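*Asks:* Okay, here's the structure, questions in a sec.
The values are calculated or read from the model by the stated rules, or taken from the named source; none is laboratory data. Since the structure is predicted, the reported quantities are computational estimates derived from the model, not experimental observations. Don't worry about glycine lacking a Cβ; one is built from the backbone with ideal geometry, like all the others, and counts go over all protein chains shown. Protein only, heavy atoms only, side chains kept; ligands, DNA and RNA dropped before computing areas. Shrake-Rupley method; radii C 1.70, N 1.55, O 1.52, S 1.80 Å.
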Amino acid sequence: QCQLNGLWRNDQDSLMEISVLRDNGDFQGQYLTRVTLSGGCAQISPLRGAQQQLGEEGWPTFAFTVRWDKFSNATTAFVGQCFVDAGGKEMLSTMWLLREAVGSLEEDWKATR
């Protein structure tokens, strides 16, 4: 069975800590990114999300957002699923969208990555 709470490291060496996982699936924590839009140093940003309640299979899906307000005017939304590999190691498989603020509707085309 896969548990979301704890410390996670991604392929870019960023860290995510899910410190509060409530019975209803809501969670919160912090994200320390090593990759910034501004090219600056690593920053800690708050995250909030929700985990789908576990079924019999034990591989929960989840979604969370990270607000990069300390160094950027962007927000990222992540969706994914938690798995356990054959060696017993927990792994999160995710996709993300990052939205930057832009100054006009005409610039909207470049605001989402």
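*Asks:* I'm trying to understand the selection: among the residues of the stretch 77-109, which are free of Cβ contacts under 8 Å to residues at least 12 places away in the same chain, farther than 23 Å from Q53 by Cα and either open to solvent by less than 60 Å² (accessible area, probe 1.4 Å) or assigned to a helix (DSSP H, G or I) (or both)?
*Replies:* The answer is V102, S104, L105, E106, E107, D108, W109.
*Asks:* In the stretch 11-30, what residues are open to solvent by less than 60 Å² (accessible area, probe 1.4 Å) and not in a strand (DSSP E or B)?
*Replies:* Residues satisfying the conditions are S14, G25.
*Asks:* Just need a number here: residues in the stretch 1-59 that are within 24 Å of T112 (Cβ to Cβ) and either among the polar types (S, T, N, Q) or at pLDDT below 80 (or both).
*Replies:* Here the count works out to 15.
*Asks:* Here is a follow-up. Go through the stretch 60-77 and give me each residue that's out of contact with any Leu (no Cβ under 7 Å at 6 or more places or on another chain) and either among the basic types (K, R) or modelled with pLDDT under 95 (or both).
*Replies:* If the condition is that a residue be out of contact with any Leu (no Cβ under 7 Å at 6 or more places or on another chain) and either among the basic types (K, R) or modelled with pLDDT under 95 (or both), then T61, R67, W68, D69, K70, F71, N73, T75 are the ones that fit.
*Asks:* Is there any pair linking a residue in the stretch 1-12 that is farther than 11 Å from M91 by Cβ to one that is part of a loop (DSSP other than H, G, I, E, B) and of a type in the set (A, V, I, L, M), with Cβ under 6 Å and at least six apart or on different chains, and which?
*Replies:* Q12/V35
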